[in-house]
Amino acid sequence: MIQTIRKAWGIPELRKKIIFTLLILLIFRLGNAIMVPYINTDALKLQMDLWGTGLLGLYNVMSGGAFGTATVFALSIQPYINSSIIIQLLTVAIPALERLARDGGEEGKKKIQSITRYATVAIAILQAIGYYFMMKNYSLLEQDGIWVALVIIVTLIAGSSFVMWMGEQVTEFGVGNGISIILFAGILARIPNMVSSMIDGVQRWSAIKAGTLTVDTLTAAGYTDTQAQAYLDSALSPWGIVLLIIGMLALIMFIVFINDAERRIPVQYAKRQVGRKMYGGQSSTLPMKVNMSGVLPVIFAQSIASLPITIWTFIGIPKEDTVSYSIYNAIDTKSVIYMVVYFIMIIGFSYFYSSIQFNPVEIANNLKKQGGFIPGFRPGQPTVQFIQKVLGRITLFGAIYLGIVAICPLIVGKVINNGSLAIGGTSVIIVVGVALETVKALENQMLMRQYKGFLE
């Protein structure tokens, strides 16, 4: 990876792309330091600590800490991600959009991208309104009124729209997928905070062992019994930290291994004679990646699975010892129901993106035109059926892999009663996946320029 970046830096054109990407990320980080007016950020930070590491903690990680500090980029790229999911699903469901995506060419792609932008703004409006009412419900506003509401909502919408624009600029003029790069940068920015939380967890564990930190001392400091118990349960032992680091390293190695795994289907090209020369007759392979969709199923599944609890949280977390609170806990991001739905959605989105990226009919037709065939299968429909069969099997394996990698930290976090592991697991998947995809994009661009130089 480092070698690839070093080689890319030596190419002037790619160096400009890398610098442009870094400048956009710098602007993104600067935006995360600009606070939204009329919000008591100190009270918000305390409230985020009480909420723990559930859904809102995950949102805070994805936004690079902007959500929990009420900056102009608090909504980050979540509206764009949700919009992309909706439009892509509608593209499959609505024939007009499907024809536009399939036959519209470059102009069709631009129209779909334009629709996605409008949908992003619409979702940003809804989330900004929800964010304002959440601040109001928890008494986190320094002032109130129509003007205050308007300023907060418009600022958040503008911030989300600007983040979307920056992502598109990186995709067009920078390196890799802009939205994924911004998400990657936001998560990396939270690493120092995660390390600090681990250190705080160990100190908390030591204080509990020493007897200086108990439920009584916390309740005396103003905590409720539930909050005090949650605070104590979030303590981390030193051996737990060691196991956590080992688990993270093993997870990274597993992700890298599966990312490069592929199924190679042998392809034979028939011999043909043109004049006195013989062409064809060589053997090749048709590579099919085990995980074709990358980290997109994880990102999209997380956004959809957490949508009900997101809306409920924005409206207001119900009071304890009520039926509503029981339902809220049942669909929370740490619940078994959420894990099951999350896992199923990851598998569903994996199949969805595999079908978009790899068309067996198109592949079979191209092989037939080029005089190629898969040994043991006749060109045409038999080849299509075989490719579909192989695609279904490797997609299932790749989907289960993504599901297990995403769910295991959730399960471990629930067992040891520490939700930070869930956030860390999702973050690792996204960070490693985006890093590998970006490096691959750099390698492809370097390869293209080598061919370009050869042809010129």
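The values are calculated or read from the model by the stated rules, or taken from the named source; none is laboratory data. Treat the numbers as computed from the prediction; the structure is a model and nothing was measured. Virtual Cβ from ideal backbone geometry, glycine too; neighbours counted across all protein chains shown.
Below is a table of values for the structure above.
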item	result
Meets criteria (crowded, with 18+ Cβ neighbours inside 10 Å, without any contact (Cβ under 8 Å) to a residue 40 or more places away in the chain, within 27 Å of P297 (Cβ to Cβ) and of a type in the set (G, A, S)) for A74	no
Positions within the range 22-35 being part of a loop (DSSP other than H, G, I, E, B) and small (G, A, S), in sequence order	A33
Qualifying residue in the range 321-328 (condition: closer than 30 Å to G294 by Cα and either outside the structural domain of M135 (by TED's automatic domain parsing) or more than 24 Å from the chain's Cα centre (by Cα) (or both))	no
Residue match in the range 203-226 (condition: in contact (Cβ under 8 Å) with a residue 40 or more places away in the chain and closer than 30 Å to S76 by Cα)	no
Members of the range 338-362 found to be among the aliphatic types (A, V, I, L, M) and either crowded, with 18+ Cβ neighbours inside 10 Å or closer than 30 Å to C408 by Cα (or both), listed by number	M339, V340, V341, I344, M345, I346, I347, I356
The range 111-149, subset part of a helix (DSSP H, G or I), out of contact with any Pro (no Cβ under 8 Å at 6 or more places or on another chain) and polar (S, T, N, Q), residue modelled with the lowest pLDDT	N137
Breaking point among (1) assigned by TED's automatic domain parsing to the domain that holds L44; (2) surrounded by 14 or more Cβ atoms within 10 Å (Cβ to Cβ), for V202	(1)
Cβ pairs under 6 Å, 6+ apart, first in the range 1-19 and closer than 17 Å to V432 by Cα, second surrounded by 13 or more Cβ atoms within 10 Å (Cβ to Cβ) and hydrophobic (A, V, I, L, M, F, W, C)	M1/V439; T4/V439; T4/L442
Count of residues meeting criterion [part of a helix (DSSP H, G or I) and under 14 Å from I265 (Cβ atoms)] in the range 365-395	15
Residue in the range 375-383 that is of a type in the set (S, T, N, Q), in the same structural domain as R263 (by TED's automatic domain parsing) and surrounded by fewer than 16 Cβ atoms within 10 Å (Cβ to Cβ) present	yes
Filtered residue count, the range 155-185, keeping only those that are of a type outside the set (S, T, Y) and either farther than 22 Å from N60 by Cβ or not assigned by TED's automatic domain parsing to the domain that holds I81 (or both)	10
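One line per residue, one yes/no per condition, for (1) outside any helix (DSSP H, G or I); (2) under 26 Å from the mean Cα position of the chain (by Cα); (3) surrounded by fewer than 19 Cβ atoms within 10 Å (Cβ to Cβ):
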{"residue": "K17", "(1), (2), (3)": "no, yes, no"}
{"residue": "F20", "(1), (2), (3)": "no, yes, yes"}
{"residue": "P37", "(1), (2), (3)": "yes, no, yes"}
{"residue": "A43", "(1), (2), (3)": "no, no, yes"}
{"residue": "L46", "(1), (2), (3)": "no, no, yes"}
{"residue": "N60", "(1), (2), (3)": "no, yes, no"}
{"residue": "L90", "(1), (2), (3)": "no, yes, yes"}
{"residue": "E98", "(1), (2), (3)": "no, yes, yes"}
{"residue": "K109", "(1), (2), (3)": "no, yes, yes"}
